[in-house]
């Protein structure tokens with residue numbers, strides 16, 4: 001294969017730095033989207049699943065650090081890891097709040113541990129196979145980060161949350177997280193491209209990551225809904241609630257995934273093509289948690 | 001492996017994942033199923049030439065930097081800065097204060113500060129026209145966003161990132177107001193360039209005519225919902241940050257973010273890295289992280305301020321003076337954040 005010369009950067013870098021955020025959940029209701037228990041559990045997935053997922057990702061991407069010679073990507077990755085760590089610990093703090101309010105969090109955590117260890121773990125692969133599996137996982141995380149960036153933008157654009165009075169502390173957590181996802185949207189992708197960059201692997205991992213995220217999200221939110229001590233409705237009504245709450249604009253819905261995949265699969269795709277991140281910059285300037 | 005056996009569905013999922021990795025990672029066919037085509041970019045470090053040096057006001061000079069072959073430089077948005085490598089090897093950050101539409105040239109401006117860290121003196125005394133200069137960037141930690149209304153507040157040399165913002169706001173036809181404070185008009189650079197911009201309102205407010213500025217009054221000039229960009233002395237920025245949420249709740253305040261504050265009240269110690277078998281010496285005014293990075297360049301860290309937790313490492317031996325705000329008491333018993341925490345005594349052994 002003909003080797004292409006290394007392309008030069010055409011535009012400035014965005015400084016990516018973790019922010020020292022603080023959240024106090026003391027008076028925050030567990031149904032923080034009032035009157036919408038399913039939508040609440042849909043977003044609860046971020047508190048339940050993401051902390052472990054983000055830490056695992058920060059670990060896998062951290063292993064790429066010594067491989068990266070480009071000082072720009074290296075500092076972007078350093079910033080990315082710090083942002084992911086603060087996301088994980090902030091969501092975790094709400095998870096503790098949920099547990100204190102009667103949710104069976106340890107049960108769902110066992111599931112997460114199993115997934116991280118047995119499904120996304122290193123499978124005991126060594127040598128060339130271990131290397132290839134490491135690349136495969138970088139691909140999975142790059143694809144997952146594409147979704148978190150687009151969901152982040154969705155969270156910043158959403159006006160329904162303000163209209164129906166979602167708890168402001170929670171809304172700030174979701175939007176601060178979403179804004180930082182937009183801010184660092186290129187990093188996991190560029191690390192994947194730097195270390196591997198195979199197009200076949202990008203396609204494969206994108207499909208797998210989308211399907212996996214969707215399944216994990218629906219499974220976890222429906223489980224939480226079914227086991228919610230405050231929900232008196234029938235526990236299997238969640239698909240109905242999913243459709244209702246999506247129509248109401250409280251969740252992005254499934255169409256979303258199918259709209260994003262083709263974009264990510266374009267051979268010349270780069271996250272910088274996803275438009276300006278002004279709304280993220282602006283939100284981070286006003287976020288109560290980030291500003292404090 | 002665990003006390004409670006995972007369900008059949010979960011075990012099937014794990015088996016599926018292993019089958020997947022067996023095919024796409026471990027099999028003989030795996031290398032053919034995904035051929036790596038890495039994309040590795042270059043050009044964050046730039047070797048430029050000092051094309052021109054001009055005196056702007058009594059102790060401020062500007063430097064025009066171009067690529068030696070005249071090719072275009074990476075594009076930037078107002079608010080961006082460069083890391084400039086000084087002849088001494090020290091590094092300083094200077095905001096780009098030229099025109100972002102002109103990709104042939106970067107401009108930075110430096111005020112001479114007697115008794116500072118010496119960076120500005122070196123720039124003034126040791127850099128001459130025609131010299132090569134090594135820079136890294138541009139990087140932006142003060143991004144200019146597109147809104148309808150702006151208030152710009154610049155204090156002294158803090159004008160450098162603000163000037164291209166005002167220029168861009170004027171070009172876009174946005175509503176803008178600018179308040180420029182400084183000791184005296186004679187010390188305030190780029191006044192003429194500001195006066196040449198269209199639309200908007202420019203207010204020059206030298207202290208020797210108007211007295212010390214009142215941050216409340218300055219911020220009060222913003223329209224409701226405006227983006228307020230402030231650059232100047234830290235007291236001005238802190239005051240603006242504290243006032244803005246009550247004064248203009250729908251507006252946003254933007255100031256440049258700095259990282260890694262200096263080490264205060266540290267003493268020297270040695271860190272032994274158990275896995276690498278090396279011992280590094282940590283000076284009183286540097287972090288353990290900075291010292292360890294000299295030997296282990298790929299070591300994990302991020303915020304460098306003790307809150308994100310990325311640089312947590314296990315302590316094998318030695319007492320720790322914890323200076324972070326992150327670790328729980330249980331974690332402190334056997335680990336530390338190497339970006340801020342230090343040895344309580346004269347040595348530590350880390351699992352690194």
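The values are calculated or read from the model by the stated rules, or taken from the named source; none is laboratory data. Everything numeric here is computed off the predicted structure, so don't read it as measured data. Glycine also receives a Cβ, built like all others from the backbone with ideal geometry; neighbour counts cover every protein chain displayed.
Tally up the residues in the stretch A:259-291 that are farther than 22 Å from residue A:198 by Cα and assigned to a helix (DSSP H, G or I), please. Step through it out loud before you land on a result.
Applying the first criterion (farther than 22 Å from residue A:198 by Cα) to the stretch A:259-291 yields A:259, A:275-291.
Next, from what is left, pick out any that are assigned to a helix (DSSP H, G or I): A:259, A:278-286, A:288-291.
Of the residues in the stretch A:259-291, 14 are farther than 22 Å from residue A:198 by Cα and assigned to a helix (DSSP H, G or I).
Are any of the residues in the stretch A:107-128 crowded, with 22+ Cβ neighbours inside 10 Å, part of a helix (DSSP H, G or I), within 11 Å of another protein chain (Cβ to nearest Cβ) and more than 21 Å from the chain's Cα centre (by Cα)?
Scanning the stretch A:107-128 turns up no residue that is crowded, with 22+ Cβ neighbours inside 10 Å, part of a helix (DSSP H, G or I), within 11 Å of another protein chain (Cβ to nearest Cβ) and more than 21 Å from the chain's Cα centre (by Cα).
Every residue, every condition in (1) touching a residue at least 12 places away in the same chain (Cβ under 8 Å); (2) more than 26 Å from residue A:281 (Cα to Cα), yes or no:
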site: B:184; (1), (2): yes, yes
site: B:211; (1), (2): no, yes
site: B:219; (1), (2): yes, no
site: B:235; (1), (2): no, no
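Please state which of the following conditions residue B:160 fails to meet, knowing it meets all the rest: (1) closer than 19 Å to residue B:50 by Cβ; (2) crowded, with 24+ Cβ neighbours inside 10 Å; (3) modelled with pLDDT of 95 or more; (4) outside the structural domain of residue B:186 (by TED's automatic domain parsing).
Only one criterion in (1) closer than 19 Å to residue B:50 by Cβ; (2) crowded, with 24+ Cβ neighbours inside 10 Å; (3) modelled with pLDDT of 95 or more; (4) outside the structural domain of residue B:186 (by TED's automatic domain parsing) is unmet by residue B:160, namely (4).
Going through A:240, A:216, A:173 one at a time, which residue ends up being within 14 Å of chain B (Cβ to nearest Cβ) and part of a helix (DSSP H, G or I)? Steps first, please.
Details: A:240 fails: within 14 Å of chain B (Cβ to nearest Cβ); A:173 fails: within 14 Å of chain B (Cβ to nearest Cβ).
That would be A:216, the only listed residue that is within 14 Å of chain B (Cβ to nearest Cβ) and part of a helix (DSSP H, G or I).
Conditions tested, residue by residue: (1) touching a residue at least 60 places away in the same chain (Cβ under 8 Å); (2) closer than 23 Å to residue A:98 by Cβ; (3) away from every other protein chain (no Cβ under 14 Å).
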position	(1), (2), (3)
A:183	yes, no, no
A:186	yes, no, no
A:270	yes, no, no
A:273	no, no, yes
A:276	no, no, no
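Is there a residue in the stretch A:48-68 that is part of a loop (DSSP other than H, G, I, E, B), at pLDDT 90 or above and within 14 Å of another protein chain (Cβ to nearest Cβ)?
Scanning the stretch A:48-68, I find at least one residue that is part of a loop (DSSP other than H, G, I, E, B), at pLDDT 90 or above and within 14 Å of another protein chain (Cβ to nearest Cβ), so the answer is yes.
Of everything in the stretch B:33-65, what is more than 7 Å from every other protein chain (Cβ to nearest Cβ), buried (at least 17 other Cβ atoms within 10 Å of the Cβ) and within 23 Å of the chain's Cα centre (by Cα)? Give them in sequence order.
Result: B:46, B:48, B:60, B:61, B:62, B:63, B:64, B:65.
Mind listing whichever residues of the stretch B:68-86 are exposed (fewer than 13 other Cβ atoms within 10 Å of the Cβ) and within 19 Å of residue B:53 (Cβ to Cβ)?
B:68, B:70
Considering only residues that are more than 27 Å from residue B:172 (Cα to Cα) and either in contact with a helix residue (DSSP H, G or I) (Cβ under 9 Å, 6 or more places away or on another chain) or outside any strand (DSSP E or B) (or both), which ones fall in the stretch B:72-85? Outline the logic, then answer.
Step one: filter the stretch B:72-85 for residues more than 27 Å from residue B:172 (Cα to Cα), giving B:83-85.
B:84 - this is the single residue of the stretch B:72-85 that is more than 27 Å from residue B:172 (Cα to Cα) and either in contact with a helix residue (DSSP H, G or I) (Cβ under 9 Å, 6 or more places away or on another chain) or outside any strand (DSSP E or B) (or both).
Any residue in the stretch A:181-191 that is buried (at least 24 other Cβ atoms within 10 Å of the Cβ) and over 14 Å from the mean Cα position of the chain (by Cα)?
The answer is yes; a qualifying residue exists.
Do we find that residue B:285 is at pLDDT below 95 and either in contact with a helix residue (DSSP H, G or I) (Cβ under 6 Å, 6 or more places away or on another chain) or more than 21 Å from residue A:18 (Cβ to Cβ) (or both) in this structure?
Values: at pLDDT below 95: yes; either in contact with a helix residue (DSSP H, G or I) (Cβ under 6 Å, 6 or more places away or on another chain) or more than 21 Å from residue A:18 (Cβ to Cβ) (or both): yes.
It is true that residue B:285 is at pLDDT below 95 and either in contact with a helix residue (DSSP H, G or I) (Cβ under 6 Å, 6 or more places away or on another chain) or more than 21 Å from residue A:18 (Cβ to Cβ) (or both).
Could you tell me which of the residues B:192, B:203, B:217 is surrounded by 12 or more Cβ atoms within 10 Å (Cβ to Cβ) and either in contact with a strand residue (DSSP E or B) (Cβ under 8 Å, 6 or more places away or on another chain) or farther than 18 Å from residue B:174 by Cβ (or both)?
Working: B:192 fails: surrounded by 12 or more Cβ atoms within 10 Å (Cβ to Cβ); B:217 fails: surrounded by 12 or more Cβ atoms within 10 Å (Cβ to Cβ).
Exactly one of B:192, B:203, B:217 is surrounded by 12 or more Cβ atoms within 10 Å (Cβ to Cβ) and either in contact with a strand residue (DSSP E or B) (Cβ under 8 Å, 6 or more places away or on another chain) or farther than 18 Å from residue B:174 by Cβ (or both), namely B:203.
Scan the stretch B:100-120 for residues that are closer than 18 Å to residue B:157 by Cα and surrounded by fewer than 17 Cβ atoms within 10 Å (Cβ to Cβ) and jot them down.
Start the filter on the stretch B:100-120 by keeping residues that are closer than 18 Å to residue B:157 by Cα, which leaves B:106-120.
Of everything in the stretch B:100-120, those that are closer than 18 Å to residue B:157 by Cα and surrounded by fewer than 17 Cβ atoms within 10 Å (Cβ to Cβ) turn out to be B:112, B:113, B:114, B:115, B:116, B:117, B:118.
Tell me, which residue of the stretch B:295-336 that is in a loop (DSSP other than H, G, I, E, B) and touching a residue at least 40 places away in the same chain (Cβ under 8 Å) is nearest to the other protein chains (Cβ to nearest Cβ)?
Initial filter on the stretch B:295-336 (in a loop (DSSP other than H, G, I, E, B)): B:296-311, B:318-319, B:322-328, B:333-334.
Of the ones still in play, those that are also touching a residue at least 40 places away in the same chain (Cβ under 8 Å) are B:296, B:299, B:303-305.
Values: B:296: 9, B:299: 8, B:303: 4, B:304: 9, B:305: 7 Å.
Selected residue: B:303.
Confirm whether residue A:75 is touching a strand residue (DSSP E or B) at 6+ places or on another chain (Cβ under 9 Å), within 9 Å of chain B (Cβ to nearest Cβ) and either assigned to a helix (DSSP H, G or I) or closer than 25 Å to residue B:307 by Cα (or both).
Yes.
Do the conditions hold for residue B:2, that is, is it in a loop (DSSP other than H, G, I, E, B), at the interface with chain A (Cβ under 10 Å from one of its Cβ atoms) and at pLDDT below 95? Explain how you work it out, then say what you get.
Values: in a loop (DSSP other than H, G, I, E, B): yes; at the interface with chain A (Cβ under 10 Å from one of its Cβ atoms): yes; at pLDDT below 95: yes.
Yes.
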